[in-house]
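Take a look at the structure below.
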Amino acid sequence: MSHEPVTHGRPSGVRHRSGEEFNVVVVCRANLCRSPLMEFLLRQQIELRNLNWTVSSAGTDASPGQRIHPYSAELLAERGIETDGWVSRGLDQRMLSEANLVLTATEEQRQLVESLDPNLIGLTFPLLQFAYLARSVRSNRLLGAAELGPWLIQESYHRRKRLANFPEEQRDLEDPIGRTMNRFRQCAHLITDAYADVLACGPPVRWG
């Protein structure tokens, strides 16, 4: 498969209507290491910022019913996030048909998602690439919870050609499976930093 950044497609205006929940699906290969971190860390931010978003995760080559990788579970526990009862699941057409935005770990997974559901062309981004584009967008005010998701997609689509300047070695979230706890920690930090960029123009974190 080609590893060129996304430069085609157009954001759909029919996937999300004002007032509805904004449904995000996060995707990696096995749904054990990266996408569970992506799911739980985004859900934490959704709750802290009172966003009307939902998030779920899946794997393009997952064995359903597996427990989260222990290193990922440990990292989430350090942040006060419980993962008891969570199990992996495979990516399916129903999940994709309900998605307003799909964030993948890699460029290859983006291409796979779009091949499974062409309606998601322009609505699917590798997380690190989406964060890179988000860093280039500015709003003259903080956007409301219902506005943020559709606005991010529209603005990121219009700026997608900027990905040509994004170093290729930084475009994918590397799979830490089989690596040390430090690699998992680095992965979690990249995800956390990416969400900080993505959500910067939205409602602020509310503590307490």
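Values quoted throughout were computed directly from the atomic coordinates according to the rules given, and no laboratory measurement underlies them. Keep in mind that this is a model prediction, so the values were computed, not measured. For neighbour counting, all protein chains shown are included, and Cβ atoms are generated from backbone atoms with ideal geometry for every residue, glycine included.
Being farther than 21 Å from residue 51 by Cβ, in contact with a Pro (Cβ under 9 Å, 6 or more places away or on another chain) and among the acidic types (Asp, Glu), is that true of even one residue in the range 164-171?
For the range 164-171, residues farther than 21 Å from residue 51 by Cβ, in contact with a Pro (Cβ under 9 Å, 6 or more places away or on another chain) and among the acidic types (Asp, Glu): present.
Counting only residues that are under 12 Å from the mean Cα position of the chain (by Cα), over 16 Å from residue 99 (Cα atoms) and surrounded by fewer than 22 Cβ atoms within 10 Å (Cβ to Cβ), how many does the range 30-44 have?
1
If you scan the range 192-208, which residues turn out to be surrounded by 12 or more Cβ atoms within 10 Å (Cβ to Cβ) and charged (D, E, K, R)?
Once the filter is applied, which keeps residues that are surrounded by 12 or more Cβ atoms within 10 Å (Cβ to Cβ) and charged (D, E, K, R), the range 192-208 yields 193, 197.
Under the condition of being within 26 Å of residue 151 (Cβ to Cβ) and of a type outside the set (Asp, Glu), which residue from the range 163-188 is surrounded by the most Cβ atoms within 10 Å (Cβ to Cβ)?
The residue in question is 173.
Looking at the range 46-80 only, could you name the residues that are surrounded by fewer than 19 Cβ atoms within 10 Å (Cβ to Cβ), within 17 Å of residue 190 (Cα to Cα) and in contact (Cβ under 8 Å) with a residue 40 or more places away in the chain?
Answer for the range 46-80, where residues must be surrounded by fewer than 19 Cβ atoms within 10 Å (Cβ to Cβ), within 17 Å of residue 190 (Cα to Cα) and in contact (Cβ under 8 Å) with a residue 40 or more places away in the chain: just 74.
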